[in-house]
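**Q** First the structure, then my questions, so here it is.
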Amino acid sequence: MRTLSSAMFLRCGIAAVLLAAAAHSGDSQPDGKAPRWLREGETYGLWYSDLAKPEQMERYKNFSFIIWGQPASNPEWLKRTRDLGVRSIAYVSFYKAPNIPQVEDRRRWEGGSPGIDECRRNGFWRAVDLSKHPEWALITKDGRVRRPFDKPDYPPGWNQVCTNVAGYTEAVLSGVRSIMQLGYIDGLFIDNVHPSDCFGPEHGKHQHAHADKGNKETYKMLLAEVRRLVKSYGDEKVCVLNSGSLDPQYGQYGDAMMWESYIFDGAKPRHDWARISRAADQWKPYIEGGKAILALSYVRGDGQDERRENAFYAYACAKLSGFLWARYQDLDGVRLGLPTGDMRVENGVHYRLYEQGFVAVNPQAAEKNVDIAVEGLYPALDLYTSAVLPVKDAKLTIRVPAGKGRVYLTRASK
């Protein structure tokens, strides 16, 4: 009998988790493919502020869709992006909720939660307002109300919630309806998909609606209910889940999952090449099954050159893996089309061909030259250097610096 490689074992493990979860009765629905517009979206945007300016509409045109942190404060912009053919997804969370009178009076998105104006306008946050239902707050093992991420300095007015309490599920579904009925929202971005245990009954703070289940179980039940409701507005509507690092136990409850802080959460990489390539292999069955992975990198650098190198590296790694990419000005308008094959390796360089170009990553400690066989493709434009690479003997020769990523166009991009 042949033994499985470690990578194949991990891939099979994730596939088994997803299949087992889909088969679990009572808290899930049949696992369908995400709509084509999401699966084939290339670059998406995030807009959390309600201070949008007209000139920013030019940048919005480059995105396949936008995740809006404050949709109730931006109806004009959501309608304009819809007219441009750009989809809009609204931010919600079932992990935290506001005590609206205690929320800060601010307009910008700071600390991961909207200000009081958005909370007052947004039907979802109004529906889960903790000032009206303090018993929904999540209780720690020592009897405290738990702040988001257990951070005492998290923005005022926000606390974690328990999904296993009477009335909360109904409130969430009512709030979701208020968003979906706006008519210009294409789905939900469900943030903070990493629920905590709740000890409310042990401290006499509240009773759990399902005495035989914990908050983590009822959280999944809620996700299934929300997805059913969103899909009732049409198969083209979506749920995108952000569990931070990718967590396969939640894969069945969404059309896509986000990998937040993918490779970068600053100027230096937080994931090495082994982690990046292993994840690409692990999540290949999920993508091939009709779902999507959204890579979100917080790219920074000590200067513009370092920031640009980091962005190209993260973008190239994402496209090698078949992930969608979020916002960097030099790459927002790039359209590579669909992949024409899997990741390949030549002379230590990993590359992947797309309909309108390709990406390459060199994880080695030395610069590498690679000849890439092409079939009638146009000369390639190296987007990083702006050099045009000619086709010679049905091959393109690329030079990739050590530890860098590069992006090439072989046909006109939008």
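The values are calculated or read from the model by the stated rules, or taken from the named source; none is laboratory data. Remember, predicted model here, so these are calculated numbers, not experimental data. Methodologically, a virtual Cβ is constructed for each residue, glycine included, from the backbone with ideal geometry; neighbour enumeration extends over all protein chains shown.
**Q** Do we have Glu118 as without any contact (Cβ under 8 Å) to a residue 60 or more places away in the chain and either over 23 Å from Arg147 (Cα atoms) or crowded, with 17+ Cβ neighbours inside 10 Å (or both) here? I'd like the intermediate steps shown before the answer.
**A** Working: without any contact (Cβ under 8 Å) to a residue 60 or more places away in the chain: no; either over 23 Å from Arg147 (Cα atoms) or crowded, with 17+ Cβ neighbours inside 10 Å (or both): yes.
No; evaluated as a whole, the condition is false for this residue.
**Q** Report yes if some residue within the range 357-367 is more than 27 Å from the chain's Cα centre (by Cα), surrounded by fewer than 15 Cβ atoms within 10 Å (Cβ to Cβ) and among the charged types (D, E, K, R); otherwise report no.
**A** Yes, the range 357-367 has at least one match.
**Q** If I filter the range 98-115 down to residues being out of contact with any Asp or Glu (no Cβ under 7 Å at 6 or more places or on another chain) and crowded, with 23+ Cβ neighbours inside 10 Å, which single residue comes out as modelled with the highest pLDDT?
**A** Val103
**Q** So which pairs qualify, if the first residue must be in the range 340-351 and on the phi > 0 side of the Ramachandran plot and assigned by TED's automatic domain parsing to the domain that holds Lys368, the second must be assigned to a loop (DSSP other than H, G, I, E, B) and exposed (fewer than 13 other Cβ atoms within 10 Å of the Cβ), the Cβ gap must be under 9 Å, and the two must be at least 6 apart or on different chains?
**A** Between residues of the range 340-351 that are on the phi > 0 side of the Ramachandran plot and assigned by TED's automatic domain parsing to the domain that holds Lys368 and residues that are assigned to a loop (DSSP other than H, G, I, E, B) and exposed (fewer than 13 other Cβ atoms within 10 Å of the Cβ), the close pairs are Gly348/Ala366.
Per-residue answers, yes or no, for (1) free of Cβ contacts under 8 Å to residues at least 40 places away in the same chain; (2) among the polar types (S, T, N, Q); (3) part of a loop (DSSP other than H, G, I, E, B); (4) in contact with a Phe, Trp or Tyr (Cβ under 6 Å, 6 or more places away or on another chain):
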position: Phe189; (1), (2), (3), (4): no, no, no, yes
position: Cys198; (1), (2), (3), (4): no, no, yes, no
position: Lys216; (1), (2), (3), (4): yes, no, no, no
position: Leu246; (1), (2), (3), (4): no, no, yes, yes
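**Q** Filter the range 229-263 for residues that are among the hydroxyl-bearing types (Ser, Thr, Tyr) and in contact with a strand residue (DSSP E or B) (Cβ under 8 Å, 6 or more places away or on another chain); which is surrounded by the fewest Cβ atoms within 10 Å (Cβ to Cβ)? Write out each step before concluding.
**A** So in the range 229-263, the residues among the hydroxyl-bearing types (Ser, Thr, Tyr) come out as 232-233, 243, 245, 250, 253, 261-262.
When the remaining residues are screened for being in contact with a strand residue (DSSP E or B) (Cβ under 8 Å, 6 or more places away or on another chain), the result is 243, 245, 250, 253, 261-262.
Working: Ser243: 21, Ser245: 13, Tyr250: 20, Tyr253: 26, Ser261: 15, Tyr262: 27.
Once the filter is applied, the top-ranked residue is Ser245.
**Q** With the range 55-151 as the region, which helices (runs of 4 or more DSSP H) entirely inside it contain at least 3 residues that are within 20 Å of Leu188 (Cα to Cα)? Working first, answer last.
**A** Values: elements: 57-60, 75-83, 116-121, 123-127.
Answer list for the range 55-151: 75-83, 116-121, 123-127.
**Q** Also, quick follow-up: For Ser232, indicate whether it is out of contact with any Leu (no Cβ under 7 Å at 6 or more places or on another chain) and at pLDDT below 95. Reasoning before the result, please.
**A** Details: out of contact with any Leu (no Cβ under 7 Å at 6 or more places or on another chain): yes; at pLDDT below 95: no.
Against the criterion (out of contact with any Leu (no Cβ under 7 Å at 6 or more places or on another chain) and at pLDDT below 95), Ser232 does not qualify.
**Q** Answer yes if at least one residue in the range 327-337 is out of contact with any helix residue (DSSP H, G or I) (no Cβ under 7 Å at 6 or more places or on another chain), surrounded by fewer than 21 Cβ atoms within 10 Å (Cβ to Cβ), of a type in the set (S, T, N, Q) and modelled with pLDDT of 95 or more, and no otherwise. Steps first, please.
**A** Of the range 327-337, the ones out of contact with any helix residue (DSSP H, G or I) (no Cβ under 7 Å at 6 or more places or on another chain) are 327, 329, 333-335, 337.
In the following step, the residues that additionally are surrounded by fewer than 21 Cβ atoms within 10 Å (Cβ to Cβ) were identified as 327, 329, 333, 335, 337.
Now restrict to residues that are of a type in the set (S, T, N, Q): 329.
Next, from what is left, pick out any that are modelled with pLDDT of 95 or more: none.
No, that holds for no residue.
**Q** Scan His194, His203 and give me the residue that is in contact with a Gly (Cβ under 7 Å, 6 or more places away or on another chain), surrounded by fewer than 18 Cβ atoms within 10 Å (Cβ to Cβ), closer than 13 Å to Ser93 by Cβ and in the same structural domain as Gly251 (by TED's automatic domain parsing). Give the derivation first.
**A** Working: His203 fails: closer than 13 Å to Ser93 by Cβ.
Only one candidate qualifies: His194.
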